[in-house]
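Below: the structure, in structure tokens.
The values are calculated or read from the model by the stated rules, or taken from the named source; none is laboratory data. Here the structure is a predicted model, which is why all the values come from computation and not from measurement. Here Cβ is always computed from backbone atoms with ideal geometry, including for glycine, and neighbour counts include all displayed protein chains. SASA here: full protein model, heavy atoms, side chains in, ligands and nucleic acids out. Shrake-Rupley method; radii C 1.70, N 1.55, O 1.52, S 1.80 Å.
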Amino acid sequence: MSTATLAVPSSPVAPPRRRAARRVLPGFNLTLGYTLLYLSLIVLTPLSALVFKTFSMSWADFWTAVSAPRVVASFKLTFGASLIAAGVNVVAGLLVAWVLVRYSFPGKKIADALVDLPFALPTAVAGISLTAILADNGWLGQYLAPLGIQLAFNPNGIVIALIFIGLPFVVRTVQPVLEDTERELEEAAACLGATRWQTFWRVIFPAIAPALLTGFAMAFARAVGEYGSVIFIAGNMPMVSEITPLIIIGKLEQYDFAGATAVASVMLLISFILLLIINGIQAWGRKRYGGAG
Amino acid sequence: MSIAKRVRTTESPAIRWLLTALALGFMALFLVLPLAAVFVEALKAGWSAYWDALKEPDALAAIRLTLITAAIAVPLNLVFGVAAAWCIAKFEFKGKAFLTTLIDLPFSVSPVVAGLIYVLVFGAQGWLGPWLAEHDIKIVFAVPGIVLATVFVTFPFIARELIPLMQAQGSDEEQAAQVLGASGWQTFWHVTLPNIKWGLIYGVILCNARAMGEFGAVSVVSGHIRGQTNTMPLHVEILYNEYQGQAAFAVASLLALLAIVTLVIKTAVEWQHEREMKATAELPPERPAA
């Protein structure tokens with residue numbers, strides 16, 4: 001596109017030095033200034049309020065708030081359920097991405113579009129809908145209840161809601177990498193006598209591993225903070241099925257701002273760490289396989 | 001692709017069929033079923049009950065508030081997204097990677113925490129609480145708080161679509177426009193904007209879907225005053241908790257429709273973009289692929 005438009009006029013006029021050419025474009029100060037201002041107002045200042053509030057607490061108060069049995073139980077539940085859900089998402093997401101990239105079948109484009117449903121469907125809607133399906137008198141629940149399987153109003157329901165929320169992360173990070181893998185390598189492996197499974201495990205899997213890890217971390221990070229889709233299906237029993245975001249809400253409703261802040265700061269810290277890990281994996285993947293991610 | 005190639009780099013038909021069936025089965029169970037359940041439950045008591053639930057004044061107020069919130073939050077983040085993408089994609093400066101990470105930050109903050117931080121700034125016991133009370137300005141438990149929380153959770157959507165897109169396109173065309181004497185605005189309107197329009201639309205519809213559907217953050221700052229500070233997702237929650245399941249699903253079905261429309265536009269934009277990429281790819285390459 002740009003070859004035709006650029007080649008003729010720019011070659012005699014623009015100086016060959018790249019640096020000088022960069023500065024030709026205007027608007028750097030304006031856009032950077034606005035970006036920093038808006039970022040500070042909307043994101044950084046409010047987040048620093050949380051940090052300051054946390055540091056204004058004494059260590060003993062902070063520890064009491066964070067180590068209360070009900071809070072610890074919610075951490076265990078939130079992280080445990082998120083870990084399981086992200087794990088399921090890796091397997092299911094790889095399967096869905098594989099089928100969408102490698103095979104053709106009727107309705108493939110619709111299936112591909114549908115993958116993003118959890119991004120587009122408001123979480124509260126997903127929550128009440130999953131509950132309507134899985135409750136004891138629900139669409140599927142009524143057949144499962146006589147078998148003694150309960151999937152709503154307990155930790156099982158939380159995991160299911162988190163699987164729903166996290167699925168697109170894995171599919172959408174793995175899909176482009178899978179599309180870019182070189183078929184020639186697979187042919188070479190096949191020619192050298194590898195079985196299809198060996199080819200997958202030794203050739204394809206190492207190439208998509210960084211993307212899978214990124215998808216896992218993103219699904220996990222999203223699951224840890226998720227609120228809307230979970231609270232309807234969770235049952236929200238203290239010590240059993242009460243997630244950490246709900247603990248924060250509960251403390252806020254009792255005007256326990258310090259307690260809510262303490263718990264929130266732990267969650268925020270974990271979000272930061274996850275964000276750093278995701279960036280690290282992506283940088284590592286780019287370095288190793290060039291451009292993937 | 002020749003037939004010989006395909007035979008060697010794919011699985012046996014039985015395995016292909018099995019994997020496809022498994023993937024589609026999983027999607028049917030986890031994606032199609034919940035979507036279908038919303039509409040079936042909404043229409044369980046018939047169309048007249050459905051309309052009654054939507055015509056109810058509190059529902060209408062919730063719809064209005066949701067539309068207002070999105071109408072403020074999306075343009076704000078659109079202007080920010082374009083500005084951020086311009087300075088990050090077109091210029092080199094120190095701390096660029098760090099800035100990009102900061103822009104992504106709201107994605108990894110729990111919605112509940114997002115709501116909480118605004119309570120800590122604007123709430124009665126917050127930093128600005130006493131000053132706001134003195135001047136009789138209500139932010140938390142009122143519409144401005146809802147808008148702010150929504151702006152926070154949808155903050156990165158448009159910027160994150162545009163940054164990689166504008167980086168990939170480089171700034172050769174803009175430089176040419178500049179050299180030919182175009183002003184900054186002319187360059188942006190006539191060169192950059194046409195190049196990024198699909199990414200822009202894509203970002204806007206995703207941002208809008210999230211803005212209209214946000215629940216956790218808005219729930220913390222709203223105060224749940226019926227008819228005043230209830231958005232559609234919050235109204236769904238209230239109805240559901242009052243055991244008005246059918247009415248809750250009726251309002252929820254509007255949000256589900258929004259999700260479907262979002263997906264349709266998104267897919268159309270992707271196809272359009274692919275078509276244009278293909279047309280570009282047919283031209284001779286500019287430089288050897290890196």
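Going from most exposed to least, what order do A:Tyr103, A:Tyr34 have by accessible area with a 1.4 Å probe?
Ranked from most to least accessible, the order is A:Tyr34, A:Tyr103.
Under the rule that an exposed site lies in a DSSP loop and has at most 11 other Cβ atoms within 10 Å, name the longest stretch of chain A with no trypsin sites (Lys or Arg not before Pro) of that kind, not counting the sites themselves.
After excluding every exposed loop site, the longest remaining stretch is A:24-293.
With no solvent and one point on each alpha carbon, what is the Debye value of log10 I(q)/I(0) for region A:147-195 at q = 0.20 Å⁻¹?
Evaluating at q = 0.20 Å⁻¹ gives log10 I(q)/I(0) of -0.75.
What are the lysines whose alpha-carbon lies under 28 Å from the alpha-carbon of A:Lys109, with same-chain residues fewer than 8 places away excluded?
B:Lys5, B:Lys197, B:Lys266, B:Lys278
Please give the Cα centre distance for region B:147-226 versus region A:128-161, rounded to the nearest Å.
A separation of 39 Å, based on Cα centres.
Can you list which of the DSSP-assigned H helices in chain A have a Cα extent of 24 Å or more along the long axis and an average Kyte-Doolittle score of at least -1.0?
A:69-102, A:155-180, A:205-225, A:257-289
Send over the semi-axes of region B:53-115's equivalent ellipsoid, whole angstrom and largest first, taken as the square roots of 5 times the C-alpha gyration tensor eigenvalues.
Square roots of five times the eigenvalues give 35, 15, 6 Å.
Quick check: convex hull of the Cα atoms in region B:1-150, volume per residue, rounded to a whole Å³?
In region B:1-150, the Cα convex hull volume per residue is 264 Å³.
For a quick check of your reading of the filter: which chymotrypsin sites (Phe, Trp or Tyr not before Pro) in region A:216-293 sit in a DSSP loop and have no more than 15 other Cβ atoms within 10 Å?
A:Tyr255
Which value in deg cm²/dmol, rounded to the nearest 500, describes the helix-derived mean residue ellipticity at 222 nm for chain B, given -39,500 (n - 2.57) per DSSP H run of n ≥ 4 and division by the residue count?
Calculated at 222 nm, the ellipticity per residue is -24000 deg cm²/dmol.
Rule-of-thumb check for region B:108-183: C-alpha Rg over 2.2 N^0.38 Å?
Compared with the compact-globule rule of thumb, region B:108-183 sits at 1.76.
Over the whole of B:78-87, what's the average partner chain Cβ count within 10 Å per residue? Rounded to a whole number, please.
For this peptide, the per-residue mean of nearby foreign Cβ atoms is 5.
Restricting to DSSP loop positions (anything but H, G, I, E, B) with no more than 11 other Cβ atoms inside 10 Å of their own Cβ, which GluC sites (Glu not before Pro) remain in region A:128-188?
A:Glu182
Taking Rh as the Kirkwood radius computed over C-alpha pairs, what is the Stokes-Einstein D of region B:109-151 at 25 °C in a medium of viscosity 0.890 mPa s, expressed in µm² per second?
239 µm²/s
Output the Cα-based Rg and Dmax of the protein assembly as shown in Å, rounding Rg to one decimal and Dmax to a whole number.
Computed over the Cα atoms of the protein assembly as shown, radius of gyration and Dmax are 25.2, 81 Å.
Could you pull out the GluC sites (Glu not before Pro) across region B:179-246 that fall in loop regions by DSSP (anything but H, G, I, E, B) with no more than 12 other Cβ atoms inside 10 Å?
Hits after loop and neighbour filter: B:Glu242.
Dividing the convex hull volume of the Cα atoms of region A:86-182 by its residue count, what figure in Å³ per residue is obtained?
About 118 Å³ per residue, rounded to a whole number.
Going by a 1.4 Å probe on protein heavy atoms, which residues of region B:238-277 end up with at least 40 Å² less accessible surface in the whole assembly than in their chain alone?
B:Tyr240, B:Phe249, B:Ala259, B:Leu263, B:Trp271
Quick one: pull the percentage of alpha-carbon pairs in chain A with a separation above 22 Å.
Result for the distance tail: 71 percent.
If you place +1 on the Cβ of every Lys and Arg, -1 on the Cβ of every Asp and Glu, and leave all else neutral, what size is the dipole of region A:175-293 about its Cα centre, to the nearest 20 Debye?
That gives a dipole near 280 debye.
Excluding residues on the same chain fewer than 8 positions from A:Lys76, give the lysines whose Cα lies under 20 Å from its Cα.
A:Lys251
Probe radius 1.4 Å, ligands and nucleic acids left out: can you give me the accessible area buried at the A-B interface, summed over both chains, in Å² to the nearest hundred?
8900 Å²
Report the Rg/Rh value for region B:140-290, based on alpha-carbon coordinates and the Kirkwood definition of Rh.
Result for region B:140-290 is an Rg/Rh of 1.14.
With every protein chain kept in place and ligands, DNA and RNA left out, what is the accessible area per residue of the protein assembly as shown? Probe 1.4 Å, answer in Å².
46 Å²
Report the dimensions of chain B along its three principal axes from the alpha-carbon atoms, largest first, rounded to Å.
Reported extents, whole Å, longest axis first: 62, 59, 31.
Equivalent-ellipsoid semi-axes (√(5λ), Cα gyration tensor) for region A:95-243, whole Å, largest first?
Each semi-axis is the square root of five times an eigenvalue, giving 36, 16, 15 Å.
If I compute solvent accessible area with a 1.4 Å probe over the protein chains, what percent of it on region B:1-134 is carbon and sulfur?
C and S fraction of accessible area: 72 percent.
With helices defined as uninterrupted DSSP H runs, which ones in chain B have an alpha carbon span along their own long axis of at least 15 Å and mean Kyte-Doolittle hydropathy of at least -0.5?
Span-like helices in chain B: B:13-27, B:57-90, B:96-108, B:111-122, B:143-153, B:157-169, B:193-213, B:245-281.
Under 20 °C and 1.002 mPa s, how fast does region A:35-132 diffuse according to Stokes-Einstein, given a Kirkwood radius computed over C-alpha pairs? Answer in µm²/s, whole number.
After rounding, the answer is 117 µm²/s.
Can you tell which of A:Leu147, A:Val174, A:Gly80 lies farthest toward the positive end of the dipole of region A:76-195, using +1 and -1 charges on the Cβ of basic and acidic side chains (Lys, Arg; Asp, Glu)?
About the Cα centre, the residue reaching furthest to the positive side is A:Leu147.
Put a dot 7 Å past each Cα toward the Cβ at A:Leu44 and B:Leu54; how far apart are the dots in nm?
Here the answer is 4.5 nm between the modelled labels.
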